[in-house]
Amino acid sequence: MNQRPGLDQAGLSTGKKARLHRILYRHGLGNGTAVFLPYDQGLEHGPRDFFANPAAGDPRYILKLALEGGFNGIAIQIGLAEKFYWDYAGEIPLVLKLNGKTDIPPADHPLSPVNATVADAVRLGADAVGYTLYMGSPAQERDFQQYRQVREDAQRLGMPLIVWSYPRGEAIEAKGGKDSFYAVDYAARTASELGADVVKVNFPHPEKRYGAADPYHHEFSSQEAIDAVVRSANRTLLLVSGGERAGDKAMLDKARQSMEAGATGLIFGRNVWQREHTESLRFVSQLKDILAKYP
Amino acid sequence: MNQRPGLDQAGLSTGKKARLHRILYRHGLGNGTAVFLPYDQGLEHGPRDFFANPAAGDPRYILKLALEGGFNGIAIQIGLAEKFYWDYAGEIPLVLKLNGKTDIPPADHPLSPVNATVADAVRLGADAVGYTLYMGSPAQERDFQQYRQVREDAQRLGMPLIVWSYPRGEAIEAKGGKDSFYAVDYAARTASELGADVVKVNFPHPEKRYGAADPYHHEFSSQEAIDAVVRSANRTLLLVSGGERAGDKAMLDKARQSMEAGATGLIFGRNVWQREHTESLRFVSQLKDILAKYP
Amino acid sequence: MNQRPGLDQAGLSTGKKARLHRILYRHGLGNGTAVFLPYDQGLEHGPRDFFANPAAGDPRYILKLALEGGFNGIAIQIGLAEKFYWDYAGEIPLVLKLNGKTDIPPADHPLSPVNATVADAVRLGADAVGYTLYMGSPAQERDFQQYRQVREDAQRLGMPLIVWSYPRGEAIEAKGGKDSFYAVDYAARTASELGADVVKVNFPHPEKRYGAADPYHHEFSSQEAIDAVVRSANRTLLLVSGGERAGDKAMLDKARQSMEAGATGLIFGRNVWQREHTESLRFVSQLKDILAKYP
Amino acid sequence: MNQRPGLDQAGLSTGKKARLHRILYRHGLGNGTAVFLPYDQGLEHGPRDFFANPAAGDPRYILKLALEGGFNGIAIQIGLAEKFYWDYAGEIPLVLKLNGKTDIPPADHPLSPVNATVADAVRLGADAVGYTLYMGSPAQERDFQQYRQVREDAQRLGMPLIVWSYPRGEAIEAKGGKDSFYAVDYAARTASELGADVVKVNFPHPEKRYGAADPYHHEFSSQEAIDAVVRSANRTLLLVSGGERAGDKAMLDKARQSMEAGATGLIFGRNVWQREHTESLRFVSQLKDILAKYP
Amino acid sequence: MNQRPGLDQAGLSTGKKARLHRILYRHGLGNGTAVFLPYDQGLEHGPRDFFANPAAGDPRYILKLALEGGFNGIAIQIGLAEKFYWDYAGEIPLVLKLNGKTDIPPADHPLSPVNATVADAVRLGADAVGYTLYMGSPAQERDFQQYRQVREDAQRLGMPLIVWSYPRGEAIEAKGGKDSFYAVDYAARTASELGADVVKVNFPHPEKRYGAADPYHHEFSSQEAIDAVVRSANRTLLLVSGGERAGDKAMLDKARQSMEAGATGLIFGRNVWQREHTESLRFVSQLKDILAKYP
């Protein structure tokens, strides 16, 4: 419905454009769409996420999977990047995830502390950095301050900045929840206002209306909701995240509606690697069939 | 009633004077008055503000409107400035809004975190920067500290500083409310004491007396109140903000009384772009008719 | 009763001595005493302080009054200094007040945030800087840290440092109150221990004994109390502040006892400018008659 | 069961490899395994830990013991390093422990403040630095921020970084406790994700399941648990700590299972020096017999 | 009982050794022992401490007393050092006390903010700096961070660092109190672990056992307790402080037992200057008679 924004409209510096071009046109389908493999769950949730497919606990397995599946990039934390990326350096783009936390302490005032810098990303040959912004958190003041330093460093060093724009915290819970249309729409806009090059959002749920702002109390279809979210991101490229493991049909529908709405691509982790290897590749192949229709 | 302070009285450095002169005499009516278009509501309130006129959700629409309407400047956040201002760079002055927040967490101890720097403004060719000061907030200590860095940078780089001087927080609510005469009067003075070049205030409501300081318990007309507020700002140029959408007559009266009191101009957002395009231009034209009477 | 400390005993660097000498011997009576005009109430209390004499809301009026009254200096915030001091620069010494706050949020843990730097004072041609220390405040830890930077900058730049040593906060309220002999005596000593060149205190009230430390539970006359306070300040020059508007006789008695005790001078604001112009000058003249007796 | 990671796989810079090689192949058994002597209990618990063997209160005794026992390194705080390491400098590797705290204040939101820097370690000729990360603590946000500076300095100066990855705080207590399989497994992974070169963990207790994440509710043997923990550390070398004094057989079993699982070695303090001298050496000799089987 | 550590064992840099040598061998008895005169009570408690001997409120009196009494140094805050030390500069060693606070706010989470730097001490010709560490305070995390900067500066500038290691705060109150054997023993060790050159402690009270750690529940004599404390300080020189004014016999016993235990000396303030001048000198003379027996 919306037209996907081009790299020429995103206000990119030369370095940012060079790196994003590499990600979007030299890897994956090479048609300007993208599918990323995020692998920071070992920090965010702990090894419990790997019990469904123990092989996935080994970073070597994941990097190989990313290569075999023809992903446009892999998003990992500094520790794994330093110890495992060398083996495949240059073969698959690295998105260095700059912040992260464990899920053990209470999450009512969440903030994800910075564990690595844009300079670390440059040193490791990364093509982008990732930052989790807990938009709407009572800790948002400190989050914005921390984010600002990342944005400035990314600007100075020509490094594309992907914002995981995640509505979180007790105030969000009271206003529709983290994947309500209201929250996701606001999250996409926030990332765009604050200067993200790419924004990662959850797929919006228009039926979650309780506590949301007034205009969201009407009936909206999933397609209308994701259309609006992509518009709110305007010239910021938008990725839809997979979230927790769910049924294949639901995931493929989500992917199709997102691309139809003008998203640039997908970032699916647990839905990919929490299954057996051949199954993972088959599922990724289905996702890429969808992306191929949106050159 | 008061005489509008001239640029020669405001203690301006050469750089500040050059930029303010450009805004006040090379754009808009060019007679020393000004009307600005603020467009940070996508961050401050979220996309909900755009449902009344969906076209307004697109920053391109707003920039074009600012140009067609002959505004003296447009105030936006760093993300939109980087992605959209290039198209019209030099055609309309940019006021880079340096801080902002979402309205999701509770607002009893508000502080608006800095998202961009005066150096960003210089890099983007801006003619002024904007800072929201939540005057009277229990977080005012941190706010003043954050503001001080902005003031110093603006001083060093010759960049005019517009302070959104907004009484906010639980203490203000208990002492007359955010648009009481007492609160607005104090807000204008605070910005002036702290070195703002321009201050943006709400139109004062002298009838909101409950909890305000003693001298404000008397009867004052709207005109008396705005006169006093402009005097409290003394040599700091004063802009009156529009606030939430209201009836045209009320808005035009507010504009007329403000200019009569010695204000330098207006800064109207939702009252402009939350209506259909032709209607927006017609309304702006009425505002400019008023400003034309105060050369 | 005590001998007033001379500039040669105060451990002053060349720059500090040069500037203090200018204040004490080239302005006012020129006899080593001083009377200052403080004008930061527009920030500290808001425009409500100007309703008693509306002309006083205009900084031009105050600067002119300081000149006509032959004051030794005027203490103002950065904003007014930048916009108004130029007109009289060099004609009357400027004391740049470096910190300040509004009185809207609760004051049980007070701290006055820094709004300007010693470097700003140098740039504006000031002859001293002022810092409000809320001695005894539960926020005293942060206050001391903030103060330390000011003290170091003043030391490095040869700028005299006047400390508004004000006992404040809930703990002070429980231990005798802000103008008890105990609190004021301790405040004078604190400023001296922390390296103030000049300290500004309230006049002590020996009858406020409830909650104060034991030795202060005896009977003391006003004169005995102010004598002790000046001794506690030792080689730090001491100024007595006027505080809220009070009767002339009370104020003149306070001034006389202070000078008798070895104070260097007075710093009277509201008691001066909250009355009609001629009255102000007449009152200042009476103050100077007293100071003239202590060359 | 797992293969112990080699130095060539750990993503080490030249300086880090040189120092780790010295520790693992030039000291102790010289076969790539290691046993360290930690001696920071004087700060962490106070002198009470020395009453069982008063001689151990003297740092000279401990350094001599480390030499006699053929340890691969001794871990001490800055104060003891400056006053006692000179005597044996070069004879036994120094692990400078960079943070630490007393156990007097409540430990529900624990964070261990940094007392020395990586630069101090370089200056003192240390071969590694140690950092205690209270993983899962409600103060984890500040902990990660503090840790990041240490990681960056260690990277810049080529200094191996050993992370004491200790699950702690009220949230951990509610989710299985500090030595549950769940907590220790997560702790190993966290250190690895955050870029530790070596991680020190407690031996996991799979029977502590109450409150732990779901996948940990099954039955696991000790060997299965420590196997999984070593896999979670992946290319980060793993040391198992001794903790409180316990029976010899239990400790030796723990050691054997750890080495079998692919651990690099042990770090035993109180179990070594809270007994008489000859006994200490005999026990260490038994530990080294185990390590010798895993060249 | 213990041997007093020599300067050659304390891991001192050249600058630190030069200055400590000056204090210990060129002043006082010149035999390696020391008695210091602390005079920061004007800040810590306020002028109330001077009512017992009003002359003591005047810093000139105290400096002269230090000289007449043949003290090894005087410990004062920055303000008094700048205004009074010049008169006797070089005649008596200056210990610049770097932090301090008033006793007005509640002391359940105490921290003593830094008011001056090691660079100030160098500028003023000091031979040591003093830092109060409120060991065990709930604010200990910030205290350690603040202390670390002081330790690093002292290391860099070759300035001996004397730590006032004071157990304080609500947690200490619940675990035996500030002068229990447990607390003082832990305090001595903490200063040593954190790199103090000299530590100042209170005399331990072995009878205060309630709430202390287990090993301290046995019966210990005073002599056994102070012996243990000196051992816990190991190569950190130890000074015993006088605390509140007490009977002469008790003080002299304390002094004797401390020196017997291997302390380097005493630091007595109120017990010295809260009495008439001749009495002060007589008491100091008795203290020095004791020290003379421990060359």
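Placing unit charges on the Cβ atoms only, positive for Lys and Arg and negative for Asp and Glu, gives the protein assembly as shown a dipole magnitude near 2940 debye about its Cα centre. Comment: the Cα-to-Cβ extended label point of E:S13, at 7 Å, lies 2.3, 2.3, 3.8, 3.8 nm from its counterparts in the other copies, nearest first. Along its first, second and third principal axes, ordered by size, chain B spans 51, 42, 39 Å in Cα coordinates. Within a straight-line Cα-Cα reach of under 20 Å, E:K64 can be paired with the following aspartates and glutamates, leaving aside sequence neighbours fewer than 8 residues apart in one chain: C:D8, C:E193, E:D40, E:D49, E:E82, E:D87, E:E91, E:D127, E:E276, E:E279. In nanometres and ascending order, the distances from the C:E219 label point to those of the other copies are 5.5, 5.5, 8.9, 8.9 (point 7 Å from Cα along Cα→Cβ).
Given a Förster distance of 35 Å, report the FRET efficiency between D:L7 and D:R142 from their Cβ-Cβ distance, rounded to the nearest 0.05. For R0 = 35 Å, the calculated efficiency reads 0.60. Considering only B:A18, B:V240, E:Y131, and ranking their Cα positions along the charge dipole of the protein assembly as shown that arises from unit charges at the beta-carbon of Lys, Arg, Asp and Glu, the one farthest toward the positive end is B:A18. Of A:A55, A:I290, A:Q145, which is farthest along the charge dipole of chain A in the positive direction, counting Lys and Arg as +1 and Asp and Glu as -1 at C-beta? Working it through, the farthest residue towards the positive pole turns out to be A:I290. The contact residues of region E:129-144, meaning those that lose at least 50 Å² of 1.4 Å-probe accessible area when all protein chains sit together rather than their chain alone, are E:Q140, E:E141, E:F144.
Surface composition of chain C: carbon and sulfur make up 50 percent of the accessible area, probe 1.4 Å.
Accessible surface buried by the C/E pair amounts to about 3000 Å², both sides summed, 1.4 Å probe.
Across region B:194-257, the relative contact order, built from alpha-carbon pairs under 8 Å that are at least six residues apart, equals 45 percent. Cβ under 15 Å from A:G130's Cβ, A:G130 left aside: what net charge do those residues give with Lys, Arg +1 and Asp, Glu -1? Computed value for this residue: -2. Computed on chain E, with alpha-carbon pairs under 8 angstrom and 6+ residues apart, the relative contact order is 20 percent.
Averaging the Cα positions of each part gives two centres, and for region E:176-207 and region D:231-254 these lie 33 Å apart. For the segment E:37-47, counting C-beta atoms of other chains within 10 Å of every residue's C-beta and taking the mean gives 5.
The ellipsoid equivalent to the alpha-carbon distribution of region D:74-205 has semi-axes of 26, 15, 14 angstrom, derived from the gyration tensor eigenvalues as √(5λ) and listed largest first.
Taking amide H atoms as placed 1.01 Å from N in the peptide plane, the amide H of D:H205 lies under 5 Å from those of D:S180, D:F181, each 5 or more residues away in sequence or on another chain.
Distance to the A-onto-D rotation axis is smallest for one chain A Cβ; residue and value in angstrom are A:R142, 9. With the simple model of a label 7 Å out from the Cα in the direction of the Cβ, C:E68 to D:R123 spans 6.2 nm. Rolling a 1.4 Å probe across the protein heavy atoms gives the protein assembly as shown an accessible surface of 33 Å² per residue. Extending 7 Å from Cα along the Cβ direction at B:R22 and again at A:E173 yields two label points whose distance is 4.9 nm. For chain B, a simple Cβ point-charge model (Lys and Arg +1, Asp and Glu -1, everything else neutral) yields a dipole of about 600 debye relative to the Cα centre. Tell me whether region A:164-237 comes out rounded, prolate or oblate; compute the Cα gyration tensor, take square roots of the eigenvalues as a ≥ b ≥ c, and use a/c under 1.5 as the rounded threshold. Cα axes put region A:164-237 in the oblate bin. Overall, region E:2-134 carries a charge dipole of about 420 debye about its Cα centre when +1 sits on the Cβ of Lys and Arg and -1 on the Cβ of Asp and Glu, all other atoms neutral.
Ordered by solvent-accessible area of protein heavy atoms (1.4 Å probe), largest first, the residues D:H27, B:H218 come out as B:H218, D:H27.
Once the piece of chain linking A:L157 and A:E219 is laid out straight, how much longer is it, given 0.36 nm per residue of separation minus the C-alpha distance between them? Working it through step by step, the gained length comes to 17.9 nm. Farthest toward the positive end of the dipole of region D:165-295, out of D:F181, D:F220, D:V199, is the Cα of D:V199, where the dipole comes from beta carbon charges about the Cα centre.
Past 22 Å, Cα to Cα, is the threshold; run B:K97/B:K208; C:K200/E:K83; C:K17/C:K200; A:K16/B:K83; B:K249/B:K293 against it and keep the listed order. Among B:K97/B:K208; C:K200/E:K83; C:K17/C:K200; A:K16/B:K83; B:K249/B:K293, the Cα-Cα distance tops 22 Å for B:K97/B:K208.
Just so you know, the Rg over Rh for region D:158-197 is 1.06, from Cα atoms, with Rh as the Kirkwood radius.
Of the DSSP beta bridges with both residues in region E:73-187, give the percent that are antiparallel, rounding to the nearest 5. Here the share of antiparallel DSSP bridges comes out near 10 percent.
Counting from the shortest, the label point at C:Y88, 7 Å from Cα toward Cβ, is 4.5, 4.5, 7.3, 7.3 nm from the same position in each remaining copy.
Taking only the C-alpha atoms of the protein assembly as shown, Rg followed by Dmax gives 34.8, 100 Å.
Based on C-alpha pairs under 8 angstrom that are at least 6 apart in sequence, region E:221-273 has a relative contact order of 49 percent. Taking all C-alpha pairs of region D:1-62, those more than 12 Å from each other amount to 75 percent.
The values are calculated or read from the model by the stated rules, or taken from the named source; none is laboratory data. None of these values were measured; they are calculated from a predicted model. In this analysis, Cβ positions are derived from the backbone assuming ideal geometry, glycine residues included, and neighbour counts consider all displayed protein chains. Accessible surface is based on the protein model in full, side chains and every heavy atom, while ligands, DNA and RNA are left aside. Shrake-Rupley method; radii C 1.70, N 1.55, O 1.52, S 1.80 Å.
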